[in-house]
1. List the number of the failed condition for C:Pro66; all other conditions in (1) free of Cβ contacts under 8 Å to residues at least 60 places away in the same chain; (2) outside any helix (DSSP H, G or I) hold.
2. So C:Thr43 ticks every box in (1) at pLDDT 85 or above; (2) more than 12 Å from every other protein chain (Cβ to nearest Cβ); (3) in contact with a helix residue (DSSP H, G or I) (Cβ under 8 Å, 6 or more places away or on another chain) but one. Which box is left unticked?
3. Within segment C:17-27, can one find any residue that is assigned to a helix (DSSP H, G or I), more than 14 Å from chain D (Cβ to nearest Cβ) and modelled with pLDDT under 80?
4. Which is under 17 Å from B:Met106 (Cβ atoms) and among the small types (Gly, Ala, Ser), of B:Ala172, B:Ala207?
5. Could you give every pair whose Cβ atoms fall below 8 Å, whose first residue belongs to segment B:126-142 and is at the interface with chain C (Cβ under 9 Å from one of its Cβ atoms), and whose second residue is hydroxyl-bearing (Ser, Thr, Tyr), counting only separations of at least 6 or pairs across chains?
6. With respect to D:Ala209, determine if the residue is within 18 Å of D:Leu4 (Cα to Cα), at pLDDT 90 or above and either in a helix (DSSP H, G or I) or among the β-branched types (Val, Ile, Thr) (or both).
7. Quick check on segment A:203-216: of everything there that is surrounded by 18 or more Cβ atoms within 10 Å (Cβ to Cβ) and modelled with pLDDT of 90 or more, which residue is farthest from the other protein chains (Cβ to nearest Cβ)?
8. Out of the residues in segment D:92-115 meeting the condition of being at pLDDT below 85 and out of contact with any Phe, Trp or Tyr (no Cβ under 9 Å at 6 or more places or on another chain), tell me which one is farthest from B:Lys122 (Cα to Cα).
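The values are calculated or read from the model by the stated rules, or taken from the named source; none is laboratory data. The model shown is predicted, which means the values in this text are computed figures rather than measured ones. Ideal geometry is used to build each Cβ from the backbone, glycine not excepted, and the neighbour counts take in all protein chains shown.
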Amino acid sequence: MRTSPTPIRRALAAAAGAAMALGLLAACGSDGESGGDADTAEDFDFSCPERTDGEPAADAARNDSQPFVFGTPGDPTSLDPILASDGETFRVNRQVFDTLLDADCTDTVPGLAESYEQNEEGTEWTFHLREGVTFHDGQALDGAAVCKNFERWANFKAGYQSPNFTYYYSSVFGGFAENDPAMGIEAESIYKGCAADGLDVTISLSKYTSSFPGAFTLESLSIISPASIDAVADAAIPTADSPLPEYTQTVGTLAGTGPYKLESWDHSSQEVVLTRNDEYFGEPAKVKTVIFKTISDETARRQALEAGDIHGYDLAAPADAQSLLDAGYQVPVRGVFNLLYLAYTQSHAPLEDHAVREALSYAIDRERIVNSVLPAGGMVATQFMPPSLEGYSEDVATYDYDAEKAKQMLADAGAEDLSITFCYPTDVTRPYMPAPKDIFDMISSDLQAAGVTVEAKPITWVDYIPTTRSGECPLYLLGWTGDFADPYNFLGTWFATESTEWGFDNQEVFDAIATANTEPDQATRVDLWKTANEAVMEELPGLPISSSPPSIAFAPDVYPPDVSPLTREDFSQVYFTTGS
Amino acid sequence: MLRYTVKRLLQLSVALLGLSLLLFAWFKALPGGPENRLLPENATDQQREALRAALGLDEPVWTQYGEFLARIVRLDFGSSLSSGRPIATELAERLPATVELSLAAMLIAVGLGIPLGYLAAKRRGTWVDFSTVSGSLLGTCIPIFFLAAMLKVVFAQELGWLPTTFRLTAGADFTEVTGLRVFDGLITGELDIAWDAVRHLILPAIALSSIPLAVIVRITRASVLDVVGEDYVRTADAKGLKPATVRGRHVMRNAMLPIATIIGLLLGSLFAGAVLTESVFAFGGIGSFVYQATTERDYPALMGFILVIAVFYVVINLIVDLSYGLLDPRVRVRK
Amino acid sequence: MTIAKIEKLDRLIEATATARDARTGSLWRQSIRRMRRSPMAITGAVIVGLFVLVAVVGPWVAPYDPTAQTWGREVFLNRNIFPGPRPENWFGLDHLGRDMFSRMIVGARQTLLVGVVATFIGFIAGAFIGGIAAAAGTFGGRWGERLEAVIMRAVDVALAIPMLLLALSVAALLGPSLRTVMIAVGVAQIPIFARLLRGSMLAQAHSDYVLAAIAIGVPKGRIVVSHILPNSLGPVIVQATLVLATAIIEAAALSYLGLGNPDPGSAEWGTMLADAQRFLSGAPQLAIYPAIGIIVTALGFTLLGEAMRESLDPRLRRQE
Amino acid sequence: MALLEVEDLRVAFGASTAVDGVSFSVPEGKVVGLVGESGCGKSVTSLAIMGLLPKRRNGRPAPVTASRPVTVEAADGGTVAAPTGPPPSATAVAPVLRRRGSGADVSGRAVFDGTDLLSLAPAAMRRRRGKDLAMVFQDPLSSLNPVVPIGRQITEVLERHRGLKGDKASKEAANLLDRVGIPDPTRRLKEYPHQLSGGMRQRVLIAIAVACNPRLLIADEPTTALDVTIQAQILELLKDLVEAEGTALLMITHDLGVVAGICDEVNVLYSGRVVESAPVRELFAAPTHPYTVGLLGSIPRLDLPIHEPLTPIRGSIADVIRWHDGCAFAPRCDRVAAPCVAGEPALVGAVHAHRCVMAEEVA
């Protein structure tokens, strides 16, 4: 999920990003690790915390007269859903466009399709569309309209294929009908074709990957009206660095099916205005006008909420959450769907020695990090994925904080006076890592307590990934926010093959992940992912530190939408209350 | 007068061209490319390479600079890599916010600075002089982001007299002419918008004006002290003119010469402060734009910005030179 | 007429003559005498003196190690729980459970270091460039003048680049740290020093004593070094004092933008303030202590600089 | 009763005394000279009369009967405690005026047509300045405002005191310039001071001074900054104006040639006091005070043989003692004797007065 523009250092780079859950896991996320927040009940459900604020009375007059203003960390970049991959653009497009399937917490639920089924090999996906759904331009939704969208994407030309515009399409489908060599996409597209029959539509793929059916809930793959597709058919993006076509910046060209319609987008005052779509097929939106306004500085966002200039904002700083709660504001807790880890690059001695890696893992007090730095609702991680994903294993190797044991193990491994370089990113904050500097300070202070001398190496974010990926940093902090409920989205991207990023060669881990990723049968796939997790934690390539939800805040007199671990809030549920 | 200014302009534009080449090579040499911001952490190396190649970042610096120059000649600034939007439009949208903020800050600095400077000069050596000068110096000593935040916490949050963020209340519909909200409001007759814009401008302008205020107080004081000692002021007194005439036509008109030049130069220095003030008040000006462009290695945006600032700087220098001629007849006639 | 009478006369003349000499003395002695009487200079000197004292003595006097998170367990960032001043921590704890009082005292040294190093970089490089430009301009003949024009245009343009761009790129190269801030702030001052020194050297170069020196055949190099340079350093030294103040403030601003990263090894007021900015509403004291430190210190240097400028400024001095 | 009666005028700047009890009078329509080396207090006297000296910082105008200025009595033979130092020279006076807390302590009386100017409130004095009495200064190059056209600098006086407005005022200004001998006056009105020569500018200053036909005109070395040929024209102009309007003129100069050329009576000043005053002819014929003799002796005379050596006065203005202890001129006087330093010498004589105890022997 691409970062949205982050004007100032403390602004969070991106929302958690588009994601939906492959709901194969029966219960909505099994009970996570017992750690979690000290003062919450033992059975706190980290994946999808229940809503406890009931149904306050709505202030109808105000809902129609006053716009609901929501502060965002960055501007959206494009109104064409396929041409974007940053959280802020998804937030706006989610209110205006719909996808075939939707996500409720981390479960896949019907969207535009009432129901769906797959064939044995997972290469044929048939969707049964809802009755009587119309686009904002009046056209009716049917199988043909869905196929027109899929065909349009598959046959994208030139700049449309460049990853900085259509990252998600090429990640999910591999490539396009004819890959343009200049855009550097070599993989062959797994999209075979689309067959429409009235309200039924079947998508056929060349091979199954565990991205499906989750991929069908991605905001990028939202369905727009056939007339819109024809209207923009000749728009062109000649090269990767040419500007986005004009239609993506002006309101009114593309018609979606969502609860809101786009009213205006004023770039200079960084303001997007949406109005209620009265012909919506589902529950009509409660507030007539919703405005998204950019405030890049997180402190400024909180002050704007407290002063009443805005009625809600996302990515609240952990330190602000508590003072807002004390002042009567609402900070509903989202489910966790990301992971922060400390990587051990085994190409640097003595990290190739398992005992040393274990010792370091025992030395770090992850409890303190979760309790004092991360937002409420965070938990200490035990493995390289959040609990709500299929294949989350209960019996992986765990390393609870024990400073003495760490010191002892370091001595046994002959690494008493170990000196090691520890990299961390500056000028950025990520949902899984709200305050990199503070987390770094705590970990290095713990390591120093265990006798390890830490040499700090701060690196600017734009250079951080290439440096860490090239194996230059022995220890480094990094993490990931799930795009959609697909274990490969976590384990696959890190441990599918040997890499300089981790510097270890463990064929058992690579095979476990490969087999799990291609197993179409849901039940067997869950066990395969469990074994993969256990194999990874046995190898201990790094120490999973925490999973924590980004905080979202609302004014006291507002009924918040259902918050989602995939930051997929639907603002049509919001309304002004008469205020208790 | 004209010949001298044209010569200086030519020299400056050659230097600016040299500068843009230097900066282009310098930014290209910095580690990390824009593709690392455009793609998420988990994008594969292969995707990163593909994007680098597609963006033409792997070509030698000279060819890239050549392309960039060819574009500039056609006034095509290219598109920003992070937002994918043409830079010319992006700059055009962001510039008015910073210009309006800087002008408001300069208005406060001049409006307060000159009278204070005059007072300090007239009551030289007394505690009034000391407290005025030290008070204005204190303004420069407070880090501007801290001053902006404190002003906001006290006046906007605790007392609620003024709004905390944005240039206008969210959702206010206004007709945009130049992008300067107050000015647009006035000329289109939407006085409520103009007033709303003014209320949003007060706190950030005060924070930003703390830097130029001290300089203007000091320059005015020194300049008035200088002029008061001149013989023609004594002649004016000898004529028995009213004190107001002596102060206005004789003292201040001569004292304004150095002050006018300083005001011109100070406009340039407001930019650094604008970056910080804009972020605290979410003004979305050019300051935050350049910060983001640099952190994301958005080369086209950076180059576009540098050219705008360079032209801005050249224009200010020109205005300062010309205004000198206007204010001081000796310069105008002799050159 | 008896001798006695005349002798009385001489004594009277003698008395009036001595009164007059008291007010002469070299440029520096005169300005120092004048500064002793100006309240601005006194306040400035007192503040700077205190600050330097704390900076020098700091590390030995600090009750705790400023980087040890000894009270880490008692601090909860996400719940704004930061114990305030109490017997063992006079200024309370910072956001990671370190003793704020020790960090303030030890931090003084780092802040002074940032100010001094940045000013030093700006001063040396700026004076060097300005000096060369002025020397070339006055003595270098046609080529000299062209060189001076090129240098000065480059300086004009360098002033146009916002320091922010400079700082961000230096941070990218060397990685954000106090070193980056020092270099960025220092380099940003170079054009200012260069212009200042060139201006005052040119003013000196056209004065009569230089023409006289040329007339009697003193070699050009020596004129520049032993005559022009010493006399034109006055305003540059004043600027150095003022730059010390701005360097400390700029360091805080750059840290706020994420470039002066607080290395765990040392506390520094600018980075402490920038880091505490986010707790301004919840726990303002985290920001207030370093902010007051910076403001008072910067004010001290500025007052001293302004007083020096006033006492050295020939125009104002003429009216003494 | 003369137009202007100055009685025991005293001006002190902090510790140093510039004018140490000057008295003289300026009859109606007459030209009276104030002569002395630079630094003898003549300019300060004129500024004091015009009320142009900045008041003491505490704002109180010096009370009329101020006690004697604070100068510590030097015990006979003891060292002088308060450093009095020589009265600062005219040019040095200007900067001192503005020094912090420097203001002037002015005492004594300057009765102009019956009212004592020194005790007038600043506003009242301002109404008379430029109207009843006016002043022309020494350096024309810096006495005109460089950024305001010449016409405006004249019409503002007409507006202030004679209520003339708009083109009536500029027409009057034009003929004023014509009266002082400036060709093509209407064009000159729009020009700026730097476009005129020194002589022209002095004429403008004179035009400004006489704009409201003042009854007393004070000229502080009006020709010193000009070259000789222009000097004569300016003196001629002043003489005509005085005769035509019957204006009294107080001419302040160090140049005895100017005195001879224009003055009816002369007062010779030394170290802040009048040491001799007499009608012009009598002064040149029979100078009594040794200082006046010295002054006259140091002028090259046409009627003396070429290689006749001039007799300059010994030492400089700095070699001086306080009037309180004796004759201030004693250190430089050839005929100094015991009585000279015995006590304060008095001014004796009516029409031709002098302040020298040894004068009888000289004559």
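1. That leaves (1) as the condition not met.
2. Going through (1) at pLDDT 85 or above; (2) more than 12 Å from every other protein chain (Cβ to nearest Cβ); (3) in contact with a helix residue (DSSP H, G or I) (Cβ under 8 Å, 6 or more places away or on another chain) one by one, C:Thr43 breaks only (2).
3. Checking segment C:17-27: at least one residue is assigned to a helix (DSSP H, G or I), more than 14 Å from chain D (Cβ to nearest Cβ) and modelled with pLDDT under 80.
4. Numbers: B:Ala172 fails: under 17 Å from B:Met106 (Cβ atoms).
The match here is B:Ala207.
5. B:Ser134/C:Thr43; B:Leu137/C:Thr302; B:Thr140/B:Ser210; B:Thr140/C:Thr246; B:Thr140/C:Thr302; B:Cys141/C:Thr302; B:Ile142/B:Ser210
6. Values: within 18 Å of D:Leu4 (Cα to Cα): yes; at pLDDT 90 or above: yes; either in a helix (DSSP H, G or I) or among the β-branched types (Val, Ile, Thr) (or both): yes.
Yes.
7. Of the residues in segment A:203-216, the ones surrounded by 18 or more Cβ atoms within 10 Å (Cβ to Cβ) are A:203, A:205, A:208-216.
Next cut, modelled with pLDDT of 90 or more only: A:203, A:205, A:216.
Numbers: A:Ile203: 24, A:Leu205: 20, A:Phe216: 20 Å.
Per the stated criteria, the residue is A:Ile203.
8. Among those that are at pLDDT below 85 and out of contact with any Phe, Trp or Tyr (no Cβ under 9 Å at 6 or more places or on another chain), it is D:Ala92.
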